[in-house]
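The values are calculated or read from the model by the stated rules, or taken from the named source; none is laboratory data. Nothing here was measured: the structure is a model prediction, and the numbers come from that model. Here the Cβ positions follow ideal geometry from the backbone for every residue, glycine too, while neighbour counts run over all protein chains shown. Protein only, heavy atoms only, side chains kept; ligands, DNA and RNA dropped before computing areas. Shrake-Rupley method; radii C 1.70, N 1.55, O 1.52, S 1.80 Å.
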Amino acid sequence: MLGVLAGAGWLVLPVMTAEARDPVPAAPFGPTASAAAPRQDGTSATDLALPLAAGAAALALAGYGCVRRTRRTHSRTTPGSGPAPRPATGPADAERQARAALRLADDCVRTSREELSFVWDRFGELRTEPFGRALRTAETELAAAFALWRRYEDGVPGEADALLRAPAGVTGRCAEAGRRLDAEAAALDRLRGFAADGPETDGDRGGDGDGDGSASAEGGVGAALEVAERRFRDLTARAGTARSTLAALRRSYPPSATAYVTGYAEQATDRLVFATARLNAARRAADTGDSREAVRQLRAGEGAVAQAGVLVAGVERLAARLAEAAGLLPAALAGAEAERAAAERDPGRHTSPGAERTLAAVRAELDGGAYDPLDVLRRITRASGRDAGTGAGVLDTAALLVARASVAAAEEFVAVHRGAVGAPARARLAQAVRELDAGHAGRADTAAGEARELAGRDVRAHGTAYADGDPAGTAGAVLAGILLAESADDGVPPAYGGPRTRSRHHP
């Protein structure tokens, strides 16, 4: 651009100075004056050739540089970095970038939390505090980004200027969350014994540790394998119990009560089968001295074990909450009927429209046989107009129980299908968590239901992950987010870190 401006100025300069007066006073007429050279009024073609050539060369160089930058951006192969995001050129482009940033940051936070749980099992809370602190900071930034995105979607009146800047703010907060995780990724690898210089000793971070820090690099992978295999064995036993528990729940309750955990036991078994293959491969690679391959296989196995834990815990949690809801139902129904009677005596007291019909239908359902205790509690609390779950009354307790069950169900589904779930479902889930923390149980329940529905649509659009031609379970691992991409070498397992470092364990 400087070359173009210089060339243009060179061309214009003769025109600008053509009519300018001679700054030197004219000499008196005489022989000296008559001997002066005649003045040229025009500009020759020779004078124009050099600036034209300079301008053309500058334009050619600028075009070549632009083409090279574009090609380099789209062909970048640095692990974990991906193509650099181009600047937003309009509102639609800014929204697209914000949605992509939310999804990526949410994936980074979830993966980091999963890996950190294995590190905590081995080293304890004290030595993992720096990584936990970075994760909490990233979670805070991500929660703020989701809240800002929700306000942008709602279009809060009176904040037009702020809403125009909201997508950029969302992207910036997500970038900060990733940066905090990226900053600790190398130190975490050193602590685990994955780095080239081996694991840290107890004195490297000042913690009292458990003595594992003095192991060799191979010992670091071996100790991590022991932690993963111990959790794997525990989950194998729990998965069998969960299958029996789910069968008992289906005999006691209608299909709607267990619908959202249908297939959880089978999916947990699939994750454990995948983990078996990966953990065995990690041990073989460690035995042959291929530490890089051992770490890659270990991380894939850890991801599968973590998700099997989510699925098994989902069945266990549902059984506990159904039993708790069934025990709470008589008191909740009596409380709702007492409130309705009080509302009839006091016309100014608020009550939900159709409360009497709802409670009558609930009584009939309870007398009729099998019923879904959580759904019945939901209808009772809504009929009573209970949105808050912060009180000590039975209806507040019931509303809080229903909201927690809904949020947990949505969280489990997103966690084990995050390879397909998009930003809208994640944003609704984040809203449900905010409402639950604020004590708005009814709104949390509604937002969690929306999140679960949106996530289900995303998974159905993605397609089945359990094809007959995928005996290794790679497609299911990609859908679950255990592997970042399906490829000939079965993809890359994500690790603790942000967008720049999370795929550092590539082949």
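Residue under question is residue 315, and the condition is that it be open to solvent by 20 Å² or more (accessible area, probe 1.4 Å), out of contact with any strand residue (DSSP E or B) (no Cβ under 9 Å at 6 or more places or on another chain) and modelled with pLDDT of 95 or more; does it hold? Answer is no for this residue. Does residue 277 satisfy the criteria of being in contact (Cβ under 8 Å) with a residue 24 or more places away in the chain and open to solvent by less than 50 Å² (accessible area, probe 1.4 Å)? So residue 277 does not fit the description; no. Across segment 260-268, a minimum of one residue is classified as at pLDDT below 95, open to solvent by less than 70 Å² (accessible area, probe 1.4 Å) and among the β-branched types (Val, Ile, Thr). When the criteria are applied in full, residue 302 fails the requirement of being open to solvent by 10 Å² or more (accessible area, probe 1.4 Å), part of a helix (DSSP H, G or I) and acidic (Asp, Glu). Please work out if residue 387 is at pLDDT 90 or above and either open to solvent by 40 Å² or more (accessible area, probe 1.4 Å) or under 36 Å from the mean Cα position of the chain (by Cα) (or both). Spelling it out, it is not the case that residue 387 is at pLDDT 90 or above and either open to solvent by 40 Å² or more (accessible area, probe 1.4 Å) or under 36 Å from the mean Cα position of the chain (by Cα) (or both). Can we say residue 335 is at pLDDT below 95, open to solvent by less than 50 Å² (accessible area, probe 1.4 Å) and closer than 25 Å to residue 364 by Cα? So residue 335 fits the description; yes. Residues considered: 382, 452. Of these, the only one that is part of a helix (DSSP H, G or I) and modelled with pLDDT under 95 is 382. Against the definition (surrounded by 19 or more Cβ atoms within 10 Å (Cβ to Cβ), in a helix (DSSP H, G or I), at pLDDT 95 or above and in contact with a helix residue (DSSP H, G or I) (Cβ under 6 Å, 6 or more places away or on another chain)), how does residue 166 come out, yes or no? So residue 166 does not fit the description; no.
Any residue in segment 268-284 that is under 15 Å from residue 194 (Cα atoms) and part of a helix (DSSP H, G or I)? Yes, that holds for at least one residue. Against the test of being among the β-branched types (Val, Ile, Thr), at pLDDT below 95 and over 16 Å from the mean Cα position of the chain (by Cα), the options 394, 407 yield a single qualifying residue, 394.
Annotation: of all residues in segment 464-507 being open to solvent by less than 30 Å² (accessible area, probe 1.4 Å) and at positive phi, the one that is modelled with the highest pLDDT is 497. The number of residues in segment 250-274 being within 18 Å of residue 308 (Cα to Cα) and without any contact (Cβ under 8 Å) to a residue 40 or more places away in the chain comes to 4. Just so you know, in segment 365-379 the residues that are part of a helix (DSSP H, G or I) and among the hydrophobic types (A, V, I, L, M, F, W, C) include one that is surrounded by the fewest Cβ atoms within 10 Å (Cβ to Cβ), and it is 366. Candidates are the residues of segment 280-299 that are within 18 Å of residue 230 (Cβ to Cβ) and basic (Lys, Arg); the one that is surrounded by the fewest Cβ atoms within 10 Å (Cβ to Cβ) is 283.
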